[in-house]
Amino acid sequence: MKKAFVTYFLLLLMIIACGDNKGVVQSAGSTSGPSSAFVPDTVLVDTMDIKNPFICYERGEDCYYMVGDGGSMWMSKDLRLWTGPYDVLEQDTASWIGASPVISSPEIHGFKGKYYYMATFERPDIVAYDASGMPFARRSCVALVADDIRGPYRTIDRESRLLAESEMAAHPTFGVDPYRVSYMIYTHQGEQNGDGTVQIVRFSKELNQRVGEAYIMFSAAMNPWSGEMVDGARRFSPIMEAPFLFFTEEGGMGILFTSYIGGEKAIGVAYTQTGEYGYNGPWIVEPEPLLTGNVGSASIFRDYDGTMVLAVSKDTVIDSVVKSVPQLYKLDMQFDKLKIEGHYKF
């Protein structure tokens with residue numbers, strides 16, 4: 001009885017701290033709007049199983065929001081205790097996304113008074129082909145829009161006009177230049193082209209079409225630490241995933257990414273010294289990974305007092321089951337480059 005009361009009390013505090021959950025479309029798994037019978041789970045961050053976690057902080061509400069594979073949203077007051085999952089997507093079944101897409105690697109970015117939910121959408125029922133004629137499920141990147149960070153997020157690219165149908169694209173993230181022109185940075189996956197590339201394409205004003213063509217920023221083959229040694233030579237990993245753009249305190253620009261070293265996921269970083277105008281590069285991949293140990297899908301946010309925090313997903317065995325557990329690290333800058341100071345202390 002006491003344990004149940006404590007759980008209920010913590011849940012009540014969380015809901016009060018993060019507002020009345022306006023904008024949340026429905027409880028996870030529901031199809032008919034908010035359910036009065038739905039009671040969100042309350043879980044500790046180090047027991048969660050969520051791939052590709054992305055966290056942002058909304059100062060006006062003093063609340064953290066986390067999204068990950070599957071499309072649901074979690075909310076927290078202190079980064080340690082989370083409530084959810086909430087569905088926040090208003091799916092447009094008449095669009096190319098369809099009724100039951102596989103949703104992965106989502107991010108949320110505020111821009112010009114609105115919020116954009118960027119994610120990979122896969123349609124297992126639609127077949128596309130690579131250059132060699134091998135089939136794969138249609139996979140592409142889309143930005144959805146909402147007036148509130150908690151949704152509902154609506155489709156704005158109904159006809160999939162942003163990326164080519166033949167391109168296996170994933171892991172979108174967001175960039176803005178000093179002229180407030182917006183870009184999507186994403187990966188053309190190595191499973192298709194043999195050398196995974198981080199690419200960039202300019203958004204139209206409505207973020208639903210491309211302006212010009214996408215171009216390559218850097219590729220997996222440029223990564224000096226990935227892959228493994230075979231017969232005395234390095235065989236690089238073609239996997240290049242989860243780019244995330246950031247700016248250094250000295251005006252440089254960097255991109256985090258995930259690749260493989262010795263069969264395990266690791267996080268790397270590439271830099272360019274051409275500042276806010278530096279999307280064209282040249283991009284130089286650091287000679288050593290930033291973080292190893294089967295970790296991936298790195299992103300950066302600032303907490304309530306402005307501390308830079310690195311969020312990653314770590315494959316962890318819990319009760320004989322492999323789970324993707326979010327881990328947080330405190331960051332600092334050293335000589336205009338990221339430095340991990342240690343685990344984030346709650």
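The values are calculated or read from the model by the stated rules, or taken from the named source; none is laboratory data. Only a predicted model underlies this, so the values are computations on that prediction, with no experimental measurement involved. FYI the Cβ positions are ideal-geometry reconstructions off the backbone, even for glycines, and counts take in every protein chain you see.
Remarks
- Looking across Arg154, Arg138, Arg161, one residue alone is in a strand (DSSP E or B), of a type in the set (Lys, Arg) and either crowded, with 20+ Cβ neighbours inside 10 Å or modelled with pLDDT under 85 (or both). It is Arg138.
- Selected residue (criterion: surrounded by the fewest Cβ atoms within 10 Å (Cβ to Cβ)) from residues of segment 202-230 that are touching a residue at least 12 places away in the same chain (Cβ under 8 Å) and small (Gly, Ala, Ser): Ala221
- Residue selected from segment 223-281 under the condition of a type in the set (Ser, Thr, Tyr) and assigned to a loop (DSSP other than H, G, I, E, B), by the criterion nearest to Glu213 (Cα to Cα): Thr274
- Any chance Gly196 is touching a Gly at 6+ places or on another chain (Cβ under 9 Å) and either on the phi < 0 side of the Ramachandran plot or among the small types (Gly, Ala, Ser) (or both): yes
- Search result, residues across segment 184-204 that are over 15 Å from the mean Cα position of the chain (by Cα) and either part of a loop (DSSP other than H, G, I, E, B) or among the aromatic types (Phe, Trp, Tyr) (or both): Gln189, Gly194, Asp195, Gly196, Phe203, Ser204
- Qualifying position, being under 22 Å from Ala266 (Cα atoms) and out of contact with any His (no Cβ under 6 Å at 6 or more places or on another chain), among Asp147, Asp195: Asp195
- Residues located in segment 83-121, provided they are part of a strand (DSSP E or B), without any contact (Cβ under 8 Å) to a residue 60 or more places away in the chain, over 14 Å from the mean Cα position of the chain (by Cα) and surrounded by 19 or more Cβ atoms within 10 Å (Cβ to Cβ): Gly84, Pro85, Tyr115
- Some residue of segment 282-298 being surrounded by fewer than 15 Cβ atoms within 10 Å (Cβ to Cβ) and within 22 Å of Met66 (Cα to Cα): no
- Restricting segment 308-346 to residues that are in contact (Cβ under 8 Å) with a residue 24 or more places away in the chain and in a loop (DSSP other than H, G, I, E, B), the residue that is surrounded by the most Cβ atoms within 10 Å (Cβ to Cβ) is Tyr344.
- Odd one out for Thr187, checked against (1) modelled with pLDDT under 95; (2) surrounded by fewer than 18 Cβ atoms within 10 Å (Cβ to Cβ): (2)
- Selection count, segment 122-135, where residues are among the hydrophobic types (A, V, I, L, M, F, W, C), assigned to a strand (DSSP E or B) and either out of contact with any Ser or Thr (no Cβ under 8 Å at 6 or more places or on another chain) or more than 14 Å from Trp96 (Cβ to Cβ) (or both): 2
- Flag set for Gly275, criterion: surrounded by fewer than 16 Cβ atoms within 10 Å (Cβ to Cβ) and either more than 24 Å from Asp46 (Cβ to Cβ) or modelled with pLDDT of 95 or more (or both).
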